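Q: Mind looking over this structure? Questions follow.
Computed from the coordinates by the stated procedures, all read-outs in this text should not be read as laboratory data. For clarity, every value in this text was computed on a predicted model and none was experimentally measured. As a convention, Cβ positions derive from the backbone with ideal geometry for all residues, glycine included, and neighbour counts pool all protein chains shown.
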Amino acid sequence: MKLNVLYRNVLGKINDICVVATMNNGQLITSCTYWGCEREKMGFYYVTPNAGAVRLICPRSQESTITEMRTATEVVMTRGLAPMLRETDDDVIPQGMEIMFEDNTSYPFALTLNLNQFQHLPSEDDIGRELVFTVWKQSGISPQMALKCPCYYRTASSLPYLKPRQ
């Protein structure tokens, strides 16, 4: 079991704490406490990598996005500066992670997440390497895998990047 404590910082104030416990069977999620916590109720995605898989936990309010995600032949994750994640104009530009669901169209579905939405980040050794990407939703009291496809990690100077993998 892995535990992670999430803090959501809004205008310099910590206003909620969410402890996430994830039970794993290799790349599979057998149990997760993210569903039902405040961040999930607010519609935030959460990423919990394990055993070579990058696992996106989809909040219940965002389950309709899984239809778009399922059009992907692969997922490309890009880390870079993300001006759109600044909370005020005075803030330093934070790092973010773009998760692009590559479907070979001109406008693939993509998410840009704050790095605090990750249990831990891919390492430099993961750049260019094929990983597994899965999307999970809650089904009754159990997690259910809604998507599985290849995933690649890279970096860029800034986001949005939205370029196909080379």
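Q: In the chain, what is the count of Lys pairs whose alpha carbons are under 25 Å apart, counting only pairs at least 8 residues apart or on separate chains? Could you put the intermediate results ahead of the total?
A: Numbers: 2/41; 2/137; 2/148; 13/41; 41/137; 41/148; 137/148; 148/163.
Summing the qualifying lysine pairs gives 8.
Q: For semi-axes √(5λ) of the Cα gyration tensor in Å, the listed values are [x] 31, 20, 14; [y] 37, 16, 11; [z] 22, 22, 15; which was obtained by calculation from the structure presented?
A: Correct label, based on the coordinates given: [z].
Q: Roughly how big is the chain's charge dipole about its Cα centre, with Cβ charges of +1 (Lys, Arg) and -1 (Asp, Glu), in debye to the nearest 20?
A: Numbers: 16 positive and 17 negative charges, 75 e Å.
With only Lys, Arg, Asp and Glu charged at Cβ, the dipole is about 360 debye.
Q: Sort by residue number and report every cysteine in the chain with no other cysteine beta carbon within a distance under 4.7 Å.
A: Cys with no partner Cβ under 4.7 Å: 32, 58, 149, 151.
Q: Per DSSP H run of n ≥ 4, the term is -39500 (n - 2.57); total these for the chain, divide by its residue number, and report the mean residue ellipticity at 222 nm rounded to 500 deg cm²/dmol.
A: Theoretical 222 nm ellipticity from helices: -500 deg cm²/dmol.
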